[in-house]
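The values are calculated or read from the model by the stated rules, or taken from the named source; none is laboratory data. Fair warning: this is a prediction, and the values are worked out from it, not measured in the lab. Glycine also receives a Cβ, built like all others from the backbone with ideal geometry; neighbour counts cover every protein chain displayed. Remember, those area values only see protein heavy atoms, side chains included, never the ligands or the DNA or RNA. Shrake-Rupley method; radii C 1.70, N 1.55, O 1.52, S 1.80 Å.
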Amino acid sequence: PLVVIMLLFFLPILYLAKSGVGTVSRWATIMVLLLAVVVIMVNGFSSPKIDLGNLRPVMAHSLGEIASTSLKLTVLPFGEVVVLLALFDKLDEKANSYPIFIFYAIFTCLYLVNICVRSYAILGAETVGTVLYPNYRTATLIQLGDFFERIEAFLVFNYLLGSLSKVA
(Lines give C-alpha, C1' and ligand atoms only; values in the text may rest on other atoms or scores of the structure.)
Protein backbone atom coordinates (compact mmCIF):
# COMPACT_ATOMS: atom_id res chain seq x y z
CA PRO A 1 0.00 0.00 0.00
CA LEU A 2 0.93 3.64 -0.42
CA VAL A 3 1.28 4.23 3.32
CA VAL A 4 4.07 1.66 3.54
CA ILE A 5 5.95 3.27 0.66
CA MET A 6 5.55 6.70 2.22
CA LEU A 7 6.79 5.36 5.55
CA LEU A 8 9.83 3.74 3.93
CA PHE A 9 10.59 7.09 2.32
CA PHE A 10 9.96 9.10 5.49
CA LEU A 11 12.05 7.04 7.95
CA PRO A 12 15.45 7.79 6.31
CA ILE A 13 14.48 11.46 6.14
CA LEU A 14 13.79 11.45 9.87
CA TYR A 15 17.08 9.69 10.54
CA LEU A 16 19.06 12.17 8.45
CA ALA A 17 17.32 15.17 9.97
CA LYS A 18 17.86 13.87 13.50
CA SER A 19 21.51 12.90 12.90
CA GLY A 20 22.62 16.42 12.11
CA VAL A 21 24.41 18.39 9.47
CA GLY A 22 27.47 16.12 9.33
CA THR A 23 25.43 13.06 8.41
CA VAL A 24 23.44 14.98 5.81
CA SER A 25 26.65 16.28 4.23
CA ARG A 26 28.16 12.78 4.07
CA TRP A 27 24.92 11.53 2.52
CA ALA A 28 25.01 14.36 -0.03
CA THR A 29 28.61 13.47 -0.95
CA ILE A 30 27.59 9.88 -1.63
CA MET A 31 24.63 11.13 -3.66
CA VAL A 32 26.85 13.34 -5.84
CA LEU A 33 29.09 10.37 -6.62
CA LEU A 34 26.11 8.18 -7.46
CA LEU A 35 24.68 10.96 -9.61
CA ALA A 36 27.95 11.29 -11.50
CA VAL A 37 28.05 7.55 -12.20
CA VAL A 38 24.49 7.53 -13.55
CA VAL A 39 25.14 10.62 -15.70
CA ILE A 40 28.24 9.05 -17.23
CA MET A 41 26.36 5.81 -17.83
CA VAL A 42 23.36 7.51 -19.47
CA ASN A 43 25.63 9.73 -21.58
CA GLY A 44 27.63 6.77 -22.79
CA PHE A 45 24.62 4.64 -23.62
CA SER A 46 22.70 7.45 -25.32
CA SER A 47 25.58 8.71 -27.46
CA PRO A 48 24.57 6.70 -30.58
CA LYS A 49 21.15 8.40 -30.59
CA ILE A 50 22.49 11.97 -30.48
CA ASP A 51 21.65 14.06 -33.54
CA LEU A 52 23.40 17.45 -33.36
CA GLY A 53 20.99 18.75 -36.00
CA ASN A 54 18.32 18.84 -33.29
CA LEU A 55 20.22 21.65 -31.56
CA ARG A 56 19.44 24.13 -34.33
CA PRO A 57 18.30 26.91 -34.47
CA VAL A 58 20.42 28.15 -31.61
CA MET A 59 18.86 31.59 -31.05
CA ALA A 60 15.27 31.00 -32.12
CA HIS A 61 14.01 33.41 -29.43
CA SER A 62 15.04 36.94 -28.64
CA LEU A 63 17.65 37.63 -25.99
CA GLY A 64 15.00 39.25 -23.77
CA GLU A 65 12.80 36.13 -23.81
CA ILE A 66 15.78 33.93 -23.02
CA ALA A 67 16.86 36.21 -20.15
CA SER A 68 13.39 36.44 -18.59
CA THR A 69 12.85 32.68 -18.75
CA SER A 70 16.31 32.05 -17.31
CA LEU A 71 15.60 34.42 -14.45
CA LYS A 72 12.31 32.70 -13.66
CA LEU A 73 13.97 29.28 -13.64
CA THR A 74 16.87 30.30 -11.41
CA VAL A 75 14.96 32.25 -8.74
CA LEU A 76 13.74 29.11 -6.92
CA PRO A 77 17.15 27.43 -6.47
CA PHE A 78 18.72 30.64 -5.23
CA GLY A 79 15.72 31.19 -2.98
CA GLU A 80 16.54 27.86 -1.33
CA VAL A 81 19.94 29.27 -0.40
CA VAL A 82 18.19 31.54 2.08
CA VAL A 83 17.04 28.47 3.97
CA LEU A 84 20.60 27.13 4.02
CA LEU A 85 21.94 30.37 5.47
CA ALA A 86 20.81 29.13 8.88
CA LEU A 87 23.52 26.46 8.68
CA PHE A 88 26.37 28.97 8.38
CA ASP A 89 26.82 29.22 12.12
CA LYS A 90 27.64 25.48 12.15
CA LEU A 91 30.62 25.96 9.80
CA ASP A 92 34.15 26.10 11.09
CA GLU A 93 35.29 29.72 10.76
CA LYS A 94 38.89 28.76 10.09
CA ALA A 95 38.07 26.31 7.29
CA ASN A 96 37.96 27.74 3.79
CA SER A 97 34.80 26.42 2.15
CA TYR A 98 35.03 28.52 -1.02
CA PRO A 99 36.89 25.90 -3.13
CA ILE A 100 34.29 23.28 -2.25
CA PHE A 101 31.46 25.68 -3.04
CA ILE A 102 33.02 26.67 -6.38
CA PHE A 103 33.61 23.03 -7.33
CA TYR A 104 30.01 21.98 -6.64
CA ALA A 105 28.57 25.11 -8.27
CA ILE A 106 30.53 24.36 -11.45
CA PHE A 107 29.58 20.67 -11.22
CA THR A 108 25.90 21.55 -10.90
CA CYS A 109 25.98 23.97 -13.83
CA LEU A 110 27.74 21.43 -16.05
CA TYR A 111 25.30 18.73 -14.96
CA LEU A 112 22.26 20.84 -15.87
CA VAL A 113 23.77 21.93 -19.19
CA ASN A 114 24.58 18.29 -19.94
CA ILE A 115 21.00 17.19 -19.29
CA CYS A 116 19.54 19.98 -21.43
CA VAL A 117 21.90 19.52 -24.36
CA ARG A 118 21.50 15.72 -24.32
CA SER A 119 17.71 15.95 -24.18
CA TYR A 120 17.55 18.46 -27.03
CA ALA A 121 20.09 16.55 -29.12
CA ILE A 122 18.21 13.27 -28.80
CA LEU A 123 14.55 14.32 -28.65
CA GLY A 124 14.49 17.64 -30.49
CA ALA A 125 12.98 20.93 -29.39
CA GLU A 126 9.36 19.98 -30.16
CA THR A 127 9.42 16.82 -28.06
CA VAL A 128 11.30 18.44 -25.17
CA GLY A 129 8.68 21.20 -25.10
CA THR A 130 5.78 18.74 -24.84
CA VAL A 131 7.22 16.09 -22.49
CA LEU A 132 7.00 16.64 -18.74
CA TYR A 133 10.34 14.94 -17.92
CA PRO A 134 12.60 15.10 -20.99
CA ASN A 135 15.53 13.48 -19.19
CA TYR A 136 13.38 10.45 -18.33
CA ARG A 137 12.01 10.28 -21.88
CA THR A 138 15.57 10.35 -23.21
CA ALA A 139 16.53 7.44 -20.98
CA THR A 140 13.56 5.38 -22.20
CA LEU A 141 15.08 5.40 -25.68
CA ILE A 142 18.26 3.66 -24.51
CA GLN A 143 18.40 -0.06 -25.26
CA LEU A 144 21.52 -2.18 -25.26
CA GLY A 145 20.47 -5.21 -27.21
CA ASP A 146 17.92 -7.48 -25.59
CA PHE A 147 19.64 -7.92 -22.27
CA PHE A 148 19.85 -4.37 -20.83
CA GLU A 149 16.74 -2.27 -21.10
CA ARG A 150 14.80 0.04 -18.81
CA ILE A 151 17.79 2.18 -17.85
CA GLU A 152 15.32 4.86 -16.77
CA ALA A 153 14.92 2.92 -13.52
CA PHE A 154 18.36 4.26 -12.54
CA LEU A 155 17.09 7.79 -13.14
CA VAL A 156 13.98 7.20 -11.04
CA PHE A 157 16.18 5.80 -8.28
CA ASN A 158 18.35 8.93 -8.52
CA TYR A 159 15.28 11.16 -8.40
CA LEU A 160 14.03 9.42 -5.26
CA LEU A 161 17.37 9.54 -3.49
CA GLY A 162 17.88 13.16 -4.56
CA SER A 163 14.48 14.18 -3.25
CA LEU A 164 15.24 12.33 -0.02
CA SER A 165 18.44 14.38 0.29
CA LYS A 166 16.65 17.61 -0.47
CA VAL A 167 13.89 17.04 2.05
CA ALA A 168 16.34 16.00 4.79
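Give me a count of the residues in the stretch 117-168 that are closer than 17 Å to Ser46 by Cα, of a type outside the set (A, V, I, L, M, F, W, C) and assigned to a helix (DSSP H, G or I). Adding up the residues that qualify gives 11. Would the stretch 125-133 turn up any residue that is without any contact (Cβ under 8 Å) to a residue 60 or more places away in the chain, closer than 26 Å to Val156 by Cβ and of a type in the set (Phe, Trp, Tyr)? The answer is yes, given that some residue of the stretch 125-133 is without any contact (Cβ under 8 Å) to a residue 60 or more places away in the chain, closer than 26 Å to Val156 by Cβ and of a type in the set (Phe, Trp, Tyr). For the stretch 11-20, a tally of residues being open to solvent by less than 70 Å² (accessible area, probe 1.4 Å) and assigned to a helix (DSSP H, G or I) returns 5.
The rows are residues; the columns are (1) surrounded by 10 or more Cβ atoms within 10 Å (Cβ to Cβ); (2) not aromatic (Phe, Trp, Tyr).
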| site | (1), (2) |
| --- | --- |
| Val3 | no, yes |
| Phe9 | yes, no |
| Trp27 | yes, no |
| Leu35 | yes, yes |
| Val39 | yes, yes |
| Asp51 | yes, yes |
| Asn54 | yes, yes |
| Glu65 | yes, yes |
| Val81 | no, yes |
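Could you look through the stretch 92-101, keep only residues that are assigned to a helix (DSSP H, G or I) and modelled with pLDDT under 80, and pick out the one that is least open to solvent (accessible area, probe 1.4 Å)?
Looking at the filtered set, the residue picked out is Ile100.
In the stretch 39-56, the residues that are in contact (Cβ under 8 Å) with a residue 60 or more places away in the chain and within 16 Å of Tyr120 (Cβ to Cβ) form Cβ pairs under 6 Å with partners that are assigned to a helix (DSSP H, G or I) and hydroxyl-bearing (Ser, Thr, Tyr), at six or more places apart or across chains, as follows: Asn54/Tyr120; Leu55/Tyr120. Here the condition is being surrounded by 10 or more Cβ atoms within 10 Å (Cβ to Cβ), in a helix (DSSP H, G or I) and modelled with pLDDT of 80 or more; of Ser70, Ser46, it holds for Ser46 alone.
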